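As C-alpha cells, the structure follows; a few thoughts come after it.
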Amino acid sequence: MKGIDESLVRAKAKNLGFDLVGFCLPEFETNEFENRLIARNAENAGKTPFVRVSPQKRLDLKTVMPEIKTVIALGKTYALYPKEKSVSKNEGRLAAFARERDYHAVMTEKMKALIKLIKREMNGEGSFKLFVDNARIVDRIIAWKCGLGFFGKNNMLIHPDWGSAFNIGVILTDVPISFYEVKPLSPSCASCTRCLEACPNGALGEGFSLDYGKCISHLTQKKRVNPEESCYFKEYLYGCDACQIACPYNLAHPRVSDSESVYSLDFMQNLTEETFRQIFGKSAMAWRGAEILKRNSKILKKSTK
Ligand code: B12
Ligand code: SF4
Ligand code: SF4
C-alpha cells in the first residue's frame with residue numbers, strides 16, 4: 001500500500017475544525033504506562049470509572065486493530081468558561097461538556113469526514129478505526145505520545161498554547177503515514193498548585209494522583225451514590241471543571257460558553273423525560289436520562305454547599 005504525508009492529513013484535519021493534530025507509531029513503552037495505570041488503580045480500590053479491562057490490554061493497540069501502522073490523535077477545543085459565575089443556594093451548575101452538543105457526536109462526524117478524505121487520497125485503500133472516549137484505549141497517553149500536550153497536575157492533557165479544554169479523538173489505521181516524530185512534552189506545571197487548591201474536595205494530589213471517591217465529575221455521573229459520596233457534590237449538577245478553570249494554561253484562549261450553565265434545582269427536580277430530551281437531548285449527558293439530574297438536584301438541595 002502506498003503511503004501519504006502528514007502535511008496532507010494535517011491540512012484536511014484543520015479544515016474540518018480540529019485544533020490539534022499529531023501522529024505516533026503504535027508501539028508504546030508499555031512498562032512505564034502500565035505502572036502508572038496500575039498505581040492509579042491501586043489508589044482507587046483497583047478500579048477506573050467506566051473502564052473494565054486490564055491496563056495491559058488498554059495499552060496494546062494491536063488488540064484493537066492487529067494491522068495498525070499509524071496512530072492519529074486529534075483535539076477539538078470547547079468553551080470552558082461559563083456565562084454565569086455565581087450559583088445561589090437553590091441553583092446548580094453543569095460542566096462545559098454537559099451543556100454543549102455531545103462531543104462524541106461532534107468528533108465522530110469530523111473524524112468520519114477526515115477518514116473519507118484520506119481514503120480518497122488512497123484511492124479507496126486503507127482501513128480505519130475511530131475512537132472518542134468510548135473504548136479501552138487510554139486517550140491521553142496516545143495524545144501525549146502524538147505531541148498534543150503535557151500531563152498537568154490536574155490530570156488533564158494540556159497544550160502549552162491551547163490549554164486543556166479540548167476533547168481527544170483517535171484514529172488507528174493501516175495506512176503508512178510519514179511524519180516527523182515529536183518528542184512527547186514533559187510536565188510543565190513547575191511549582192504551580194492552583195488546581196490542587198481549587199478542587200472543591202481536595203481530590204487531587206501531587207504526582208498525578210486523583211481520589212475518584214472525591215471527584216465531583218465522577219460522583220455526579222455515577223449510577224449509585226452512597227450518603228458519604230453525596231456530601232461531595234458541592235454546587236455541581238453534572239461534571240466539574242474547577243481544576244481546569246483554575247489553570248493558567250487555559251487563559252491564553254479563554255472561550256466563554258453561550259449556553260446556560262446554572263439551573264434552578266426546582267426546575268431540574270421537576271424535569272420530565274420529554275423536557276429533558278428537548279433541552280439536553282443532544283448533550284453528552286443525554287444517555288443518562290432525566291433521572292440522574294433529578295437525583296443530583298435532590299442531593300444539592302439537601303447539602304449546604
Ligand atoms: C475514566 C475517565 C474519567 C474518570 C477518571 C478521570 C481520571 N483522571 O482518570 C472521571 C469520571 C473522574 C473523569 C472526569 C473527567 N474527564 Co474523563 N475520561 C475517562 C476515560 C474514559 C479514561 C481515563 C483513564 O484511563 N484514567 C486512568 C488514568 C490513570 O489515566 P489518565 O488520567 O488518562 O493518565 C494519567 C496517567 O496515565 C499518567 N501518565 C501517563 N503517561 C504519562 C507520562 C508522563 C510523562 C507523566 C508525567 C504522566 C503520565 O498521568 C495521567 C494523569 O494521572 C478517558 C477516555 C479514555 N478512554 O481514555 C476520559 C478523558 C480522560 N476525560 C476527559 C475529560 C474532558 C474529563 C473531564 C474534564 C469532564 C468534566 N468536565 O467533568 C473530567 C476531568 C477530571 C480530571 N481532573 O481528570 C478527556 C480529557 C481530555 C484532556 N484534554 O485531557 C478524556 C480523554 C475523554 C476525551 N477523549 O476527550 N474522566
Ligand atoms: S473534576 Fe472537580 S472534583 Fe474532580 S479533580 Fe477536578 S476539580 Fe476536583
Ligand atoms: S493549575 Fe497549575 S498545577 Fe494545575 S495543571 Fe494547571 S499549571 Fe499545572
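The values are calculated or read from the model by the stated rules, or taken from the named source; none is laboratory data. What you see is a predicted model, and the numbers here were worked out from it, not measured in a lab. Don't worry about glycine lacking a Cβ; one is built from the backbone with ideal geometry, like all the others, and counts go over all protein chains shown.
Can you tell which of 113, 143, 98 is part of a helix (DSSP H, G or I) and within 16 Å of ligand 3 (Cβ to nearest atom)?
143
Are any residues in the stretch 243-253 over 14 Å from the mean Cα position of the chain (by Cα) and within 14 Å of ligand 3 (Cβ to nearest atom), and if so, which ones?
245, 246, 247, 248, 249, 250, 251, 252
Within the stretch 186-219, can you find the residues that are within 10 Å of ligand 2 (Cβ to nearest atom) and in contact with a Cys (Cβ under 7 Å, 6 or more places away or on another chain)?
Selection gives 195, 198, 199, 203, 204, 216, 217.
Residues of the stretch 202-228 being farther than 11 Å from residue 242 by Cβ, more than 13 Å from ligand 3 (Cβ to nearest atom), of a type in the set (A, V, I, L, M, F, W, C) and assigned to a loop (DSSP other than H, G, I, E, B), which ones?
225
Residue 134: outside the structural domain of residue 10 (by TED's automatic domain parsing), under 29 Å from residue 293 (Cβ atoms) and away from ligand 2 (no atom under 16 Å from the Cβ), yes or no?
Against the criterion (outside the structural domain of residue 10 (by TED's automatic domain parsing), under 29 Å from residue 293 (Cβ atoms) and away from ligand 2 (no atom under 16 Å from the Cβ)), residue 134 does not qualify.
Of everything in the stretch 229-275, what is more than 27 Å from residue 77 (Cβ to Cβ) and assigned to a helix (DSSP H, G or I)? Give them in sequence order.
229, 230, 265, 266, 267, 268, 269, 273, 274, 275
Would you check if residue 297 is hydroxyl-bearing (Ser, Thr, Tyr), touching a helix residue (DSSP H, G or I) at 6+ places or on another chain (Cβ under 9 Å) and at pLDDT 95 or above?
Here the answer is yes, as residue 297 does meet what is asked.
Please find, within the stretch 237-262, the residue that is surrounded by the most Cβ atoms within 10 Å (Cβ to Cβ) out of those that are hydroxyl-bearing (Ser, Thr, Tyr) and either farther than 18 Å from residue 85 by Cβ or at pLDDT 95 or above (or both).
So the residue we want is 238.
Can you pull out the residues in the stretch 155-201 that are in a helix (DSSP H, G or I) and surrounded by fewer than 15 Cβ atoms within 10 Å (Cβ to Cβ)?
197
Look through the stretch 6-41, keep the residues that are modelled with pLDDT of 95 or more and among the aromatic types (Phe, Trp, Tyr), and return whichever of them is nearest to ligand 1 (Cβ to nearest atom).
Ranking the candidates gives 18 first.
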